[in-house]
Each structure stands twice: as C-alpha cells, then as structure tokens.
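Values in this text are rule-based calculations from the coordinates and carry no lab data. As the structure is a prediction and not an experimental result, all values here were calculated from the model. Cβ sites come from the backbone with ideal geometry, for glycine too, and all protein chains shown count toward neighbours.
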Amino acid sequence: MTLTALATAVPCDKGHLSRVETGRRPPTEALARRLDAVLGARGDLIGCAHLDASATRNTRPGETAELLRRIQASDTAPATLEGLQAAVLELCCQYGWRDAYELRAEGQTWLRELARLLHRPVGLREHQELLVCGGWLALLVGCVEYDLGMRASAETTRIAARQLGEEARHPGIIGWAWELSAWFALTQGRYPAVVAAARTGQTVAPGESVGVQLIAQEAKARARMGDLEGVRRTLDRGRVLLDAMPRPDRPDNHFVVDPDKWEFYEMDAYRLAGDDGLAEHHAREVLRLGVRPDGGESSPMRMAEARLTLAAVAARAGELEQAVATGVVAFRAARRSLPSLLMVAGEVDAELQRRYPREVATAQFGEALRAVSTPDAALRGEER
C-alpha cells in the first residue's frame, strides 16, 4: 500500500503519516488504533505505539557498547575465572524476577570488571573464557535493555554479543544473539524477519538448547501470520528437540530452555492460533509453575502473559467482565518486559474492541493499557 493510499484509508494527513513512519513523530493512541485496523495488524501497532516510553531512563545509551568494545580490544585475561563465571551465571538466573534497572546496572559493573581484568597478561584459553563471560553478560544486558524499551541500545548490545560469540567460537552465544534478533522482530511486528532470524540461529547453533527457543519464536511469528498448520508443525519440531535434551541443572537460567518454559511458548502460539482449550491449559500451567513455595512469583513476566492469555480466552467465551478483570492484573507485575507485555496486551485489547466495542469494561481495559504504556507508569513499575 502506498503512503497516499494509507493516508486516504485512515484518513490522515500524508505528511504527518510520513513523519510517524520515519520515527520523527510518535503516533497518538487513536492513530495507532486506526492504523492497526486499516492494516489488519491484530493489535501489534497498538501494543508498539509506546514501546520506547521507558527509554527516558537511558541516560547513557552508549555505555554498554563502549564496555564491550573495551573487552574486544584487549589481548589479555585474568588468571582465574571461577568467581566471575559464577557471578555471570547468577545474574542470568535473576533475569526473570529482579528489578530491570538494578540488573542492568550490575551487569554493566561486571563488564567493567571484565575490561579491567583483560589488561592482565595470561594465556589464550583464559582470554577465550573471558570473552565467553562477556558474551553472556552482553546477552543479558541486551535483554534487559529491550525490556526497558531501550531499543537502540539493546540492538547495539546484541550485535556486540554476537561478535564476542564469534570471536570466542561459542555457538551457544551466537545462537542466542540470533534469538534476541527474532524476539526484537516479533515485538515489532516484522514476522518474516522472525522466521529468518530463527532459521539462521538454528543453523549456526546446531544441538544447542537455544534451538528450542528459536523454534518457539518461529512458532509465535507463524501464529501471527495466520499460518496455523505451520504453527503446529513448528511446535512439534520444538517438542522433539526439547525431549531429546537433558533437564538443565539451573532451569532458572534465562539462557537455557526447559519443559516449564515450553508451556509458555505453546500457550502464546495456541492463543494466536485460536485453539482456546490448549491455550488455557498451558496458561494455567505457566501460572502454577511460576509460584514459589512461599507463594511469591518466580516468573512474573511469564505469568503476566499467562493472565492475558486467559483474558483472551474469556473474551472469546463471552465472559467480558472476567476477561477484563484477569487482564488488568497482568499490568501489576513487578518485573515486566515492556515490548512483550504491550504486544500481547494490544492483541487482547484488539479482541475486546472487535467483540465488545461499546462496553464500559472494554474502555476500562484500554485505559489500563494506555496507563502502563506511558513513561511515568513504566518507571513506576520498574521502581517497585
């Protein structure tokens, strides 16, 4: 569709629409909703309308990239890596629940330590292991930056992580860098790019557990493209690969894939595929598995999306009040990935608008979604 044709269909001033398209002007909520309807985006544009909202906290956007350049530029490494490797592992295991700003700050602190240690003379093996530590840290920081809406910083960090993985000849790190690329493309509505990144990642990291998550991202993209048969084939392929792998010692490590995570991936794909029975089943499993023995939530981001899935299922079943009540709870998560949350919540909002356009409860959900999309709300959520 040409820009002129799109402007006529919206309707909207062509010049203003051009500035929105190129990022020089942010879209209003009304324009995002209208564009979503005209382009048949099924909530993606609504969810992405305020994706960069919390980037106002990114006061030093190039800091992570500069730290990674310092690591890559050095020829030396520390004499011992055990303490550093243990610290990196623990940080990766804290991704699912720890405050995002705190986690990013600590990740950058360890990157500074890596840069300092690299100036000590030591052998090539230690240097390679240090590059591996840097690669995992870069992946972690890149994930957190994207959660916070820092899209430019996250992409720069992701590229640096891939380069570190290539220099260290570590297929797992390279594969996860492609997984981040697939995730970024998914939340931005670039579904063919998701499939391409997922396939590339599987090629460069054969036999690695990241292959399971790459397959899951491909399934999510195919669901949003309406390729329902492709969704089922892709999920079946992922399940076969997952079943062939041993259960990890630290399933809470963000960069491993275990059966508990697979419930989460299947939940999203089946919700988009319209299989409400399977979507609800997997959502309830995600909620059950995410509760710690003390009653707290060990996986608040996954659980938020599970509640939104249950909201979508309730809406399709004609239970509007239950759908809105369940969905609004998802916005209260203490740890959130803003792009993913807005993507799924936008899809639920589109479902409500299509089925119950004039109901008060639908308007209430939309208001709650807009509130969590604003910079002030995003900051409050991360400061809790």
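Taking every C-alpha pair closer than 8 Å and separated by at least 6 residues, the mean separation divided by the residue count of the stretch 172-294 gives a relative contact order of 20 percent.
Hey, in the GNM for the chain with a 10 angstrom Cα cutoff, which one of Gly211, Gly43, Gly23 fluctuates hardest? Highest fluctuation among the options: Gly23. Extending 7 Å from the Cα toward the beta-carbon at both His119 and Met1 defines two label points whose distance is 5.6 nm. What is the stretch 259-384 by shape, rounded, prolate or oblate, if you read a ≥ b ≥ c off the alpha carbon gyration tensor as root eigenvalues and call it rounded for a/c under 1.5, prolate for a/b larger than b/c, and oblate otherwise? It is oblate, given that a/c is not under 1.5 and a/b is not larger than b/c. Taking the C-alpha atoms only, the angle from helix 29-39 to the longest principal axis of the chain is near 80 degrees.
Only Lys, Arg, Asp and Glu count, each charged at its Cβ (+1, +1, -1, -1), so figure out the dipole size of the chain about its Cα centre, rounded to 20 debye.
Dipole about the Cα centre, nearest 20: 820 debye.
Gain in length, Arg112 to Val329, computed as 0.36 nm per residue apart minus the alpha-carbon separation, to one decimal in nm? All intermediate terms of the calculation are to be shown ahead of the outcome.
Details: separation 217, 0.36 × 217 = 78.12 nm, distance 3.82 nm.
Net length gain for the segment: 74.3 nm.
Hey, what did the chain get for relative contact order, percent, Cα under 8 Å, at least 6 apart?
Working: 600 pairs, mean separation 65.9, N = 384.
Relative CO of the chain lands at 17 percent.
Compared with the dominant Cα axis of the chain, that is its longest principal axis, helix 171-187 is turned about 20°.
Pairing the Cα long axis of helix 320-330 with the longest principal axis of the chain, what angle in degrees results, from 0 to 90 and rounded to the nearest 10? Roughly 20 degrees, rounded to the nearest 10. Within the shell of other residues whose beta carbon sits under 13 angstrom from the beta carbon of Leu180, the net charge comes to -1, with Lys and Arg scored +1 and Asp and Glu -1.
Taking the Cβ of Gln213 as the centre, find all other residues whose Cβ is under 12 Å away and add up their charges (Lys, Arg: +1; Asp, Glu: -1). That sum, taken over residues with Cβ under 12 Å, equals -2. Cα centroids of the stretch 1-43 and the stretch 89-150: 39 Å apart.
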